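Enquirer: Before anything else, here's the structure in question.
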Amino acid sequence: MAKMTFSGKWGRVSMTKKPAADASGKSDEELVREMKNAAKPPVGEDYRERSLAIHGLVCARCGRDFSGAKRHLLTVHHKDGNHHYNPPDGSNWENLCVYCHEDVHSRGVLAEYLSGSSPVRENALVYDGGSTVDSSSEGLLAQKLRQALVKKKP
């Protein structure tokens, strides 16, 4: 720390600067370097940077380039859904932009809903048009979508 002495009302100020060191005798630069190294994730957990280096800065679905300022919009998708399985060769990863990544995960939710495996489907009323639809293993939304896609004959 610096030692400062003041003299008089508008008088002279003298400073002496000493090299900063804590109780362990390390300089500020060494302490900052140690803190930065301690803040890094353990080996094997920084898979995002490894995936970006392996697969490049391009979305695997839409093919857009995310170099430069838009790099933060590129995410890593685990193909098998297991976030703890991070092989060093990157075989379980694919780089997706945030838009495609959201689409991939929302498709799974929609598929669960339409297949009837989602408990929310039983309580939700999607459409009540008054027409009777043959009930089968698919949900009400799928039946209504199928009806809407069938061309009406004149």
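Enquirer: Go through the stretch 28-61 and give me each residue that's surrounded by 12 or more Cβ atoms within 10 Å (Cβ to Cβ), at pLDDT below 85 and part of a loop (DSSP other than H, G, I, E, B).
Expert: Asp46
Enquirer: List the pairs whose first member sits in the stretch 82-97 and is under 22 Å from Gly68 (Cα atoms), whose second member is of a type in the set (Phe, Trp, Tyr) and surrounded by 13 or more Cβ atoms within 10 Å (Cβ to Cβ), and whose Cβ atoms are under 8 Å apart, counting only residues at least 6 apart or on separate chains?
Expert: Short answer, once both residue conditions are applied: Trp93/Tyr47; Cys97/Phe66.
Residues are listed down the side, and each one gets a yes or a no for (1) at pLDDT below 55; (2) farther than 30 Å from Val58 by Cα; (3) not in a loop (DSSP other than H, G, I, E, B):
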{"site": "Glu94", "(1), (2), (3)": "no, no, yes"}
{"site": "Glu102", "(1), (2), (3)": "no, no, yes"}
{"site": "Gly108", "(1), (2), (3)": "no, no, yes"}
{"site": "Leu114", "(1), (2), (3)": "no, yes, yes"}
{"site": "Glu122", "(1), (2), (3)": "yes, yes, yes"}
{"site": "Tyr127", "(1), (2), (3)": "yes, yes, no"}
{"site": "Glu138", "(1), (2), (3)": "no, yes, no"}
{"site": "Leu141", "(1), (2), (3)": "no, yes, yes"}
{"site": "Arg146", "(1), (2), (3)": "no, yes, yes"}
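The values are calculated or read from the model by the stated rules, or taken from the named source; none is laboratory data. Just so it is clear, the structure is predicted and the values come from calculations on it, not from any experiment. No Cβ is skipped: glycine too gets one built from the backbone with ideal geometry, and neighbour counts run over all protein chains shown.
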